[in-house]
1. Between helix 266-279 and the chain, what is the angle of the helix's C-alpha long axis to the longest principal axis, kept within 0 to 90° and rounded to the nearest 10?
2. So which residue, out of Ala48, Ala248, Ala236, gets the largest mean-square fluctuation from a GNM of the chain using Cα contacts under 10 Å as springs?
3. Which residues in the stretch 15-32 place their backbone N less than 15 Å from a point set 7 Å from the Cα of Trp126 along the Cα-to-Cβ direction?
4. Averaging sequence separations of C-alpha pairs under 8 Å and six or more residues apart, then dividing by the length of the stretch 218-323, give the relative contact order as a whole percent.
5. Calculate, for Phe16 and Ala236, the FRET efficiency according to 1/(1 + (r/R0)^6) with r their C-beta to C-beta distance and R0 56 Å; round to the nearest 0.05.
6. By how many degrees, between 0 and 90 and to the nearest 10, does the Cα long axis of helix 299-310 differ from the longest principal axis of the chain?
7. Gain in length, Asp106 to Asn92, computed as 0.36 nm per residue apart minus the alpha-carbon separation, to one decimal in nm?
8. How are the Cα pair distances of the stretch 207-324 distributed, in percent, across 10 Å bins from 0?
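Every number here is computed from the coordinates shown, using simple stated rules; none is lab data. All values reported here derive from a predicted model rather than from experimental measurement. Reconstructed Cβ throughout: ideal geometry from the backbone, glycine too, with neighbour counts over all protein chains shown.
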Amino acid sequence: MEITTKIQDVSENFGFNTPIEAPIVEKLPEELQVFVPEKETAYQFDFAITRAILAGFTHNKRVLIQGLHGTGKSSHIEQVAAQLGWPMVRINLDGHVSRIDLVGRDAILLKDGKQVTEFKEGMLPWAMQQGIALVLDEYDAGRPDVMFVLQRLLEAHGKLTLTEEKRIISPSATFRLFATANTIGLGDASGMYHGTNPINQGQMDRWNIVAQLDYLDEAHESAIIRARVPEFVSGAHKEALAPMIAMASLTRAGFKGGDISTVMSPRTVLAWAQNIEIFGDVEEAFRLSFLNRCDEAERPIIAEYYQRCFGTELKEASAANLAA
Ligand SMILES: Nc1ncnc2c1ncn2[C@@H]1O[C@H](COP(=O)(O)OP(=O)(O)O)[C@@H](O)[C@H]1O
Ligand SMILES: [Mg+2]
């Protein structure tokens, strides 16, 4: 059974006022249902990025999303797939993903008591034939052998040649390809992204749509927290929300400026809010959700941001206290 889709107005799914059409999955083989991401409540869809991702699904275009760490690149693709009911798999290229993981390998099997070699398909041929959306996360951190395979795929009208097998894989009609990257493929001039590599310009060219995502604005970020943690709508800590969001903004500005190396993502802000609910203490929750994973040398800077937002001095404010 193939995946079938139907084009319809999906603006309501994303909370947009203007109509926008996209394919919604109608029929899905049962074994692929586990690959449809779960919908996140109160996810705030950025209009421009969502439209770019939807164009990828509608017109079968390759979409690359670039932006700083924690801006919501991966989750946007995932949440769009969730709304469309599209099965999706993410491959994080910054890990230890190798060419063999992607393409496949010969495996030795026992058949009727005899050893036989059989080709075991990797993620790429599998995803292409199943017709699911494949997300290449941290695309600019891919190893050279992996990038070489992807280059071949991107150049060959979307077909994949399994040289080992002398077989050409054509993608099924619902196969889609997305990527996310921290840099724009020109290498990392800022020094913020260790492990990223310049991407071959010929390869960059093969991405039909390149969209850029920045951090959420403060109003949208507050809306996420209020929707997920009711304590911040009417509870004892609702006054803390504005300075918390201001604090997150300061860390992002500091990160962009190269002053600190750890940044508060929207996920961290949410964890902070939830920890406030659990521990009943803004400062302690801040330590547990963010400060404790910051470089010790940078904690005085972060304490200074905290002082600016909340007017209270953290004990981490001076390096001397850290040593003690
Ligand atoms: N627009 C958004 N609405 C709701 N949550 C968001 C949004 N953007 C990011 N988040 C939250 O922040 C976390 C980090 O986002 P992620 O997509 O992993 O960032 P990136 O891929 O850009 O590093 C996600 O788990 C998600 O829950
Ligand atoms: Mg990501």
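1. 50
2. Of Ala48, Ala248, Ala236, the Gaussian network model singles out Ala236 as fluctuating most.
3. Residues 31-32 qualify, since their backbone N sits under 15 Å from the label point.
4. Answer for the stretch 218-323 is 21 percent.
5. Efficiency, rounded to the nearest 0.05: 0.95.
6. 70
7. Stretched fully, the Asp106-Asn92 segment lengthens by 2.7 nm.
8. Bin by bin from 0 Å, the calculated values are 13, 45, 30, 9, 2, 0.
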